[in-house]
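Just below is one structure, and these are the notes that go with it.
The values are calculated or read from the model by the stated rules, or taken from the named source; none is laboratory data. Remember, predicted model here, so these are calculated numbers, not experimental data. When we count neighbours, we look across all protein chains shown, and the Cβ atoms used for this are built from the backbone with ideal geometry, even at glycine. We work out accessible area using only protein heavy atoms, side chains counted, and drop any ligands, DNA or RNA first. Shrake-Rupley method; radii C 1.70, N 1.55, O 1.52, S 1.80 Å.
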Amino acid sequence: MAFWLFKSEPSTWSWDQQVAKGDAGEEWDGVRNYQARNFMREMALGDRGFFYHSQTEKAIVGTVEVCQTIHPDSTTDDDRWECVDIRALDALPNPVTLDQVKGVEALAEMVLVKNSRLSVQPVREAEWALICKLGGLPER
């Protein structure tokens, strides 16, 4: 299993909207960055991810699961753009802010710190475990 981070502006697509989609999940559409798209091409069913509210909140607020692998993005006719579907799993009892992440030495190499503008990014297993702990999620 691989781990990822999905960024969204809450005014565009929020954690609450993701949760409301239930087990069916929702397309992670609208990504127009080749590197982010290529990361989605690497995803497998059951991969886990963090749901990150960008802009004003700048915090990891929940965890998600890839429930459909790469397919054409339904929001465009341009076949260069593809996406995966994700479903909400757990809200973090204690959202983990970008400032918190930046303040933890063990997370200094995280893509979120190094390339914070990338909307879909990989997360290392150790980073996943540490952020889950900081967020108050039990170890799985």
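Selection of the range 16-58 for residues being out of contact with any Lys or Arg (no Cβ under 8 Å at 6 or more places or on another chain), part of a helix (DSSP H, G or I) and among the aliphatic types (A, V, I, L, M) yields 19, 20, 36, 40. Taken over the range 104-131, the residue count meeting the criterion of being in contact with a Lys or Arg (Cβ under 8 Å, 6 or more places away or on another chain), over 22 Å from residue 81 (Cα atoms) and buried (at least 16 other Cβ atoms within 10 Å of the Cβ) is 2. Residues that are touching a residue at least 60 places away in the same chain (Cβ under 8 Å) and buried (at least 22 other Cβ atoms within 10 Å of the Cβ) within the range 41-62 comprise 49, 50, 52, 60, listed in sequence order. For residue 12, the conditions (1) in a loop (DSSP other than H, G, I, E, B); (2) touching a residue at least 24 places away in the same chain (Cβ under 8 Å) are fulfilled apart from (2).
Tell me yes or no: at least one residue of the range 48-65 is modelled with pLDDT of 95 or more and farther than 22 Å from residue 101 by Cβ. No, every residue in the range 48-65 fails to be modelled with pLDDT of 95 or more and farther than 22 Å from residue 101 by Cβ.
Among the residues of the range 2-38, those identified as open to solvent by 60 Å² or more (accessible area, probe 1.4 Å) and farther than 21 Å from residue 118 by Cα are 16, 17, 19, 20, 21, 23, 24. Residues in the range 80-97: is at least one open to solvent by 10 Å² or more (accessible area, probe 1.4 Å), among the β-branched types (Val, Ile, Thr), closer than 22 Å to residue 131 by Cα and within 15 Å of the chain's Cα centre (by Cα)? Yes, the range 80-97 has at least one match.
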